[in-house]
Amino acid sequence: MNLDCSNCHSENTQKLSLIVNNGTMDNKSQTAGLGFAGSGLGLGVAASKGTSTSKLAKQYAEPEKMPVIGGFFAIMMLSLIATIFFGSIAIEVGVYIGIAVSALSLLNNLKSYPKQYASWDAKFICLKCSTVFTPKDNHTTNAEDEA
Ligand SMILES: [Zn+2]
């Protein structure tokens, strides 16, 4: 695999995920205290809250799963507020919307997220010109001189 920068052809490149993880102060244990963490259902909100990240890490942050349970509760909260204007029907509508949104989020987490993550994880960053690129396996211009 050719890991040279696609822009300036520098060899001074590094895996993007390593840089991002280095720039992320890990205090997830503190923030993901809602009891859902580790259930595998996501709750990606907790991961971003209270995490101090470097500018670079923020810009190229790891893709997050959509908050399935968090999303549902957020919609239920909105429905509760909506009852002030629309009466109890708002709760009923909110439940349907909440379930639909949660189902979509779950589907996204199961189907799209692994691809998003894989493409993010495959990326490299040039430490010279800070171009982010995905190294190519084949058809590189100087594939010959790879040992
Ligand atoms: Zn470069």
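The values are calculated or read from the model by the stated rules, or taken from the named source; none is laboratory data. Computed from a predicted structure; not experimentally measured. Note: ideal-geometry Cβ built from the backbone for every residue, glycine included; neighbour counts use all protein chains shown.
Can you pull out the residues in segment 89-111 that are surrounded by 13 or more Cβ atoms within 10 Å (Cβ to Cβ) and either within 16 Å of the ligand (Cβ to nearest atom) or among the hydroxyl-bearing types (Ser, Thr, Tyr) (or both)?
Selection gives Ser102, Ser105.
I'm trying to understand the selection: among the residues of segment 7-41, which are within 16 Å of the ligand (Cβ to nearest atom) and modelled with pLDDT of 90 or more?
Asn7, Cys8, His9, Ser10, Glu11, Asn12, Thr13, Gln14, Lys15, Leu16
May I ask you to say which residue of Ala82, Ala74, Ala61 is modelled with pLDDT of 75 or more, away from the ligand (no atom under 16 Å from the Cβ) and under 30 Å from His9 (Cβ atoms)?
Ala61
Tell me which residues, restricted to segment 94-136, are charged (D, E, K, R) and under 18 Å from the mean Cα position of the chain (by Cα).
Lys111, Lys115, Asp121, Lys123
Of all the residues that make up segment 7-23, how many are assigned to a helix (DSSP H, G or I) and among the charged types (D, E, K, R)?
0
Pull up segment 93-137, narrow it to residues that are part of a loop (DSSP other than H, G, I, E, B), touching a Ser or Thr at 6+ places or on another chain (Cβ under 8 Å) and polar (S, T, N, Q), then point me to the one that is farthest from Cys8 (Cα to Cα).
Among those residues, the one meeting the criterion is Thr134.
Taking only pairs six or more apart or across chains, which ones have beta-carbon atoms under 6 Å, a first residue in segment 1-20 that is within 9 Å of Phe124 (Cα to Cα), and a second residue that is more than 10 Å from the ligand (Cβ to nearest atom) and assigned to a loop (DSSP other than H, G, I, E, B)?
That search, which allows pairs on different chains as well, returns Leu3/Pro135; Thr13/Leu3; Leu16/Tyr60; Leu16/Lys123.
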